[in-house]
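Engineer: Input: one structure, supplied below.
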Amino acid sequence: MKAVVKPNILKPLLEYILEKEIIELEILNPNLIQDYFKLRGQRLDLLVKTKEETINVELNSNYNEEILIRNLHYIFKLASENTERGNKYKVKNKIVQINLNFINSKYEKCEYLLYDKKHEIELTDYIKICNIGIDKYIKNYYNNSKKFTKGEELVIMLDLEKKELEELSEKSDIVDNFKEDVIKANEDKLVVEWISREEEQKQYEEVMYEKGITQGIEQNKKENAKKMLELNMDLETISKVTGLTIEEINDLK
């Protein structure tokens, strides 16, 4: 599925986040290629392309360690799929991941690049992550703590109730232009289910369940290795049976 995006809230919202003008947006297929049958959650929330970037937009009703790991998996997966391999690696597009976080955010807006901490240099601008803390914008909006720009108003309107959205639209032309799109999306059952906290929690529990199984398997391997060590079995045999490395087995002594 590919389609050029008609004028809507997405274009000015991305322009605010990326701090650059976007001439044309193209919607891409959001399904990632699966290398392993066990991988789940390989469908991105929204995948678009500009002239220079491939952009993944993730809607996170919560933002915790598990969601962070999942989103990192997405961006590196995209980076791999957008690199042509031959005699040399050729990058098709820069990869940008935008996380719209509705709760548990530390900052309104922040940007992350791959960075060499020791030498204090940026390794590459090929991969970039933008975190947008919608809850922080909303808090400032309710506190009337500052005057907002058009880009900030676009972020704020994503998490307002219909009545509040109507009130903001009376003060802002850009909100007035897009309020019907937001109202329609907020009333769409599929959209609500997709980003609901219940759905996010379900995904979180699935990840934790699978993580628990993996940890249980690893623990079982170590217990079996310990028993084999007690029987004075050689390390190579223990390694072949349990799948643990010689170094991991030695750590159990």
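Engineer: Could we say that Thr54 is at pLDDT 80 or above, of a type outside the set (Gly, Ala, Ser) and under 16 Å from the mean Cα position of the chain (by Cα) here?
Structural biologist: On the way: at pLDDT 80 or above: yes; of a type outside the set (Gly, Ala, Ser): yes; under 16 Å from the mean Cα position of the chain (by Cα): yes.
When the stated conditions are applied, Thr54 passes them.
Engineer: Could you tell me which of the residues Glu52, Glu81, Glu58 is closer than 30 Å to Ser172 by Cα and among the acidic types (Asp, Glu)? It would help to see each step written out before you state the result.
Structural biologist: Working: Glu52 fails: closer than 30 Å to Ser172 by Cα; Glu81 fails: closer than 30 Å to Ser172 by Cα.
Criteria check complete, one pass: Glu58.
Engineer: Return the pair list, or none, for Cβ contacts closer than 6 Å from residues in segment 64-87 that are surrounded by 14 or more Cβ atoms within 10 Å (Cβ to Cβ) to residues that are of a type outside the set (Lys, Arg) and assigned to a helix (DSSP H, G or I), at least 6 apart or on different chains.
Structural biologist: From segment 64-87, the pairs are Glu66/Tyr204; Glu66/Val207.
Engineer: Asn87 - would you say it is under 26 Å from Val155 (Cα atoms) and either in contact with a helix residue (DSSP H, G or I) (Cβ under 8 Å, 6 or more places away or on another chain) or at pLDDT below 90 (or both)? Even if it seems obvious, please write down each step before you answer.
Structural biologist: Working: under 26 Å from Val155 (Cα atoms): no; either in contact with a helix residue (DSSP H, G or I) (Cβ under 8 Å, 6 or more places away or on another chain) or at pLDDT below 90 (or both): yes.
No.
The values are calculated or read from the model by the stated rules, or taken from the named source; none is laboratory data. Small disclaimer: the values here were computed from a predicted structure and weren't measured. Methodologically, a virtual Cβ is constructed for each residue, glycine included, from the backbone with ideal geometry; neighbour enumeration extends over all protein chains shown.
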